[in-house]
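Presented below is the structure to which this report refers.
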Amino acid sequence: MSDNSKRTASPLLLMVTTALIGLCTDAAVARDSNSLMDISQDGRLLACSNRDSGTVTIVDLATLKKLRETRVGVHPEGVAFLGKTHNIAVAVYNDDQVTLLNADSGKVIQRVEVFDEPYGVVSNADGSRVYVTLEYPGRVVEISNSGKILRQFSAGKFPRGLALSPDGHTLYTAEYYSARVNAINVTSGKIVDTWKGASTDNLCRQIVLHPTRPKAYIPHIRSRIAAAQGEGSIFPYVGVVDTKSGEGRRRKRIPMDSFLGNLVTANPWEIDVSADGKRFFVVFSGTDDMFLCDTVDDDYTEIKLGRRITLGHNPRAVRVSPDGSRFFVYNALDFNVVAYDANSAKPLATISVTDNPLSRELHRGKILFYTALQPMVGRRWISCSSCHPDGDPDGRTWQNPEGLRATPPLFGLAWTHPLHWSADRDESQDFEHTIRGPLMQGRGLVRGGINQSLEKPNKGLSADLDALAAYTNSHKFTLSPYARKGLSTAAQRGRSLFRSEKIGCAKCHSGPFFTDSQPRPKPLRHDVGSGTADPSEKMGPAYDTPMLLGLYRSAPYLHHGKAATLTDVLTTFNKNDRHGTTSHLDKQQVADLVEFLKALPYQDPAAAAQKAGLTKVAR
């Protein structure tokens, strides 16, 4: 534990803090927006979810010390106190569970199984209901405080952000890949209004409501897919929605890189607004800094910069105390929460919330992966995580110099080299070329020259580069929700079709990872007829075989991203049967094949690979 993590408040500060907590207890209101942290209504406790550790930590806000830490599962995300109680709901993303626990004892009360990928959590005012976004298949689930699922309703595509209006009548969701905002009537469970963003809006994890004005705020980025250079491709934004107006009438984007002399900030992750509605806080996970702002009630300026402060590594959450005197920042890769005085912005205490569960190499690699600073990035615009956050794809197809390229997930990468659709890199260390190139413009992680891709290895030239490769290759799969109870009858029929020699899918999509992509002296590529669909293509028409795991949630498909659905892959984009012989299949057979593809993986691919005698590629 570092010296900073042992810091505590002075006796005078503790006396003032305790008094303030007592004064604000009655005035405190329930938080209405999702976050990785939450503060109890009485202002006494802070809860923080720790994604890497799989835990939730409780902090005493009078002493600014950690009280306890409870293991909840794989990759917890949103956390919320239930009404005035000290009970908490936690969205455990990779375990597909919502865990209810008591913050005073640290004991788990109930584990509620949900369909897939719970992320944002809010509670109603009296704590009788918990609302949780299911990123896939795009729902909000309503759960009682006893752990019973009461209702589920549609919430748009890939919703993460979630907020509940002060009157409890309307839920607002923010879609992860589009930053689209939807309003849901709580009584009917129907979407009653929607606010579309621009086509370039991307990676929105949160929505926060102003406490008195009809405004909703969303942190997100702009992914300008036609740009091949870092300073023209990724932009940081806060979107402002007028919740009293409908689609297309009152929505604006505020560029956060224009606030302070055009200082670039990267990857806004979370925001918060003070209970009086006057203060606005936003953390940037790529540049490790924060803007402290004032809200402006003019329906035009909206947010005015107060000051900027430097934070720790990979800040992912901010919460303001109920009385507005303090704010708290979660530095995810320092594994701490820092308490600040809201007026002076001076740190009051640093609280270690969990031990670092990563090896030294993985920890260093993850820091590099998320940073938009040197030596990774020259002009602060973009980081690896701007397109691959937590190993996910960004749902975009980029116009790269070599042609159109859909962003792939990083899961299972350690088993499926070479890299890129064009198989033009044979090790993750080859991304040193990207770091030094026009996209990232960084100094790089190797001193001196580097070897060309597909030639001598770059592994071993730099400990930092090897660490980045180790983290990039570390992402693991979870099982498909469509196979949780085994393959359905339709999926079993689809598996038979997939394996049939007449159709031929398994000829290339073989093995536990459903790909023949393996290290070889010369990369194996296949011309499946898709290369001619993109007139800008420079390296086709043959491509590396993509793995098929996680297809149910990783559209768009094919290297050019033109296939919106799996059905399109098998029909519209396979008219000449070069991507498997499927033209003779009827609609039911195509549907069965799609059901099988959606069920991948239905078993642990790494365990199956080890059983088959396969080994990971060297990092």
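The values are calculated or read from the model by the stated rules, or taken from the named source; none is laboratory data. Just so we're clear, the structure is a prediction, and the values are computed from it rather than from any experiment. Here the Cβ positions follow ideal geometry from the backbone for every residue, glycine too, while neighbour counts run over all protein chains shown.
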Fill in the blank from the handout: Across (1) buried (at least 20 other Cβ atoms within 10 Å of the Cβ); (2) touching a residue at least 60 places away in the same chain (Cβ under 8 Å); (3) farther than 28 Å from residue 138 by Cα, residue 511 clears everything bar (1)
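Could you count how many residues in region 197-254 are of a type in the set (Val, Ile, Thr), within 20 Å of residue 384 (Cβ to Cβ) and in contact with a helix residue (DSSP H, G or I) (Cβ under 8 Å, 6 or more places away or on another chain)?
The number of residues fulfilling the criteria is 3.
This table checks each residue for (1) in contact with an Asp or Glu (Cβ under 7 Å, 6 or more places away or on another chain); (2) assigned to a strand (DSSP E or B); (3) buried (at least 23 other Cβ atoms within 10 Å of the Cβ); (4) not hydroxyl-bearing (Ser, Thr, Tyr).
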site	(1), (2), (3), (4)
88	no, yes, yes, yes
104	no, no, no, yes
122	yes, yes, yes, yes
130	no, yes, yes, yes
151	yes, yes, no, yes
157	yes, no, no, yes
160	yes, yes, yes, yes
166	yes, no, no, yes
Exercise for the section: Looking only at region 583-597, count how many residues are crowded, with 20+ Cβ neighbours inside 10 Å and over 26 Å from residue 481 (Cα atoms). Expected result: 0
Exercise for the section: Tell me, yes or no, whether region 584-592 has at least one residue that is within 24 Å of residue 478 (Cβ to Cβ) and out of contact with any strand residue (DSSP E or B) (no Cβ under 9 Å at 6 or more places or on another chain). Expected result: yes
Practice task
Starting from region 546-565, keep only residues that are without any contact (Cβ under 8 Å) to a residue 12 or more places away in the chain, then list their pairs with residues that are in a helix (DSSP H, G or I) whose Cβ atoms are within a distance under 7 Å, requiring at least 6 positions of separation or different chains.
Solution key: 563/569
Problem - Yes/no for residue 371 being crowded, with 22+ Cβ neighbours inside 10 Å, polar (S, T, N, Q) and modelled with pLDDT of 95 or more - result: yes
Fill in the blank from the handout: A careful count of residues in region 592-619 that are under 30 Å from the mean Cα position of the chain (by Cα) and part of a helix (DSSP H, G or I) gives 12
Problem - Matching residues in region 16-74 - criterion: being among the β-branched types (Val, Ile, Thr) and at pLDDT below 95 - result: 16, 17, 18, 21, 25, 29
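Looking at this structure, is residue 524 assigned to a loop (DSSP other than H, G, I, E, B), within 30 Å of residue 457 (Cβ to Cβ) and either in the same structural domain as residue 604 (by TED's automatic domain parsing) or modelled with pLDDT of 95 or more (or both)?
Numbers: assigned to a loop (DSSP other than H, G, I, E, B): yes; within 30 Å of residue 457 (Cβ to Cβ): yes; either in the same structural domain as residue 604 (by TED's automatic domain parsing) or modelled with pLDDT of 95 or more (or both): yes.
The answer is yes for residue 524.
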Exercise for the section: Please state which one of 455, 402, 361 is over 17 Å from the mean Cα position of the chain (by Cα), among the acidic types (Asp, Glu) and within 22 Å of residue 526 (Cβ to Cβ). Expected result: 402
Fill in the blank from the handout: Going through (1) out of contact with any Cys (no Cβ under 9 Å at 6 or more places or on another chain); (2) without any contact (Cβ under 8 Å) to a residue 60 or more places away in the chain one by one, residue 180 fails only at (1)
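So, in region 58-72, how many residues would count as being free of Cβ contacts under 8 Å to residues at least 60 places away in the same chain and either farther than 17 Å from residue 326 by Cβ or touching a strand residue (DSSP E or B) at 6+ places or on another chain (Cβ under 6 Å) (or both)?
7
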Fill in the blank from the handout: Picked from region 241-283 (must be among the hydroxyl-bearing types (Ser, Thr, Tyr) and surrounded by 16 or more Cβ atoms within 10 Å (Cβ to Cβ)), the residue farthest from residue 215 (Cα to Cα) is 265
